[in-house]
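The values are calculated or read from the model by the stated rules, or taken from the named source; none is laboratory data. Just so it is clear, the structure is predicted and the values come from calculations on it, not from any experiment. Here the Cβ is made from the backbone with ideal geometry for all residues, glycine too, and neighbour counts use every protein chain on show. All accessible areas refer to the heavy atoms of the entire protein, side chains included, with ligands and DNA or RNA removed. Shrake-Rupley method; radii C 1.70, N 1.55, O 1.52, S 1.80 Å.
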Amino acid sequence: MKRLFFSFVVLGLAWAYAMPANAESCQAEVDAIVKSTTTDLLRQAIADKPELAELEEKELVLRSGQTLLTAPRGDIKAYGWMMLLWYGGPEGRNIVVESGPTLETEEARAHLYYVMALWQLRADDPETAAKGRDLLSQVRDTGKVTFAPDEMWTLFLEECSLPE
């Protein structure tokens, strides 16, 4: 289990290198980063527990996402929320919503707001995307989300384009 958590920390640091060089739409940027990160996490989970390869993709996402939500650290939970929001369908999104009221620390809540801001930032609706950018700015100002590199904050708050 420690090896798996170490992998998550390394993946968080790798975000800066996974980002495309030319900023495009915020939706494309967010989706690319989440896809890369969650795909790497699922590959690592399967490498650590080969029996997981037998699961259907959605079941693997739901199980892995829920496992990440049991972590004591907010940054690890963030990966689980990403996995569940983007790839868990309505059931995964419901798990994320239900996890909110159970969070006991400001750090955990900041990480949930971070993921929710990314989810909004990738919306097709300009107003929703702008609210996501505003929320992401507020989350950055808390200083509670430290696993995202400076380049990621700059990309999402200044460089990528919102829908028109």
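Springs between Cα atoms under 10 Å define the GNM used for the chain, and in it the highest mean-square fluctuation of 49, 77, 35 occurs at 49. For the residues 42, 85, a 1.4 Å probe over the protein chains yields an accessible-area ranking, largest first, of 42, 85.
Taken over the Cα atoms of region 58-117, the convex hull encloses 63 Å³ per residue.
Per-residue ellipticity at 222 nm, computed for the chain from helices alone with -39500 (n - 2.57) per DSSP H run of at least four residues, works out to -23000 deg cm²/dmol. Once backbone amide H atoms are built at 1.01 Å from N, residue 25 has 161 as its partners under 5 Å, excluding neighbours fewer than 5 places away on the same chain. The Rg/Rh ratio of region 12-164, with Rg taken over Cα atoms and Rh as the Kirkwood radius over Cα pairs, comes to 0.95. Ranked by the mean number of other Cβ atoms within 10 Å of their residues, highest first, the peptides 102-111, 63-72 fall in the order 63-72, 102-111.
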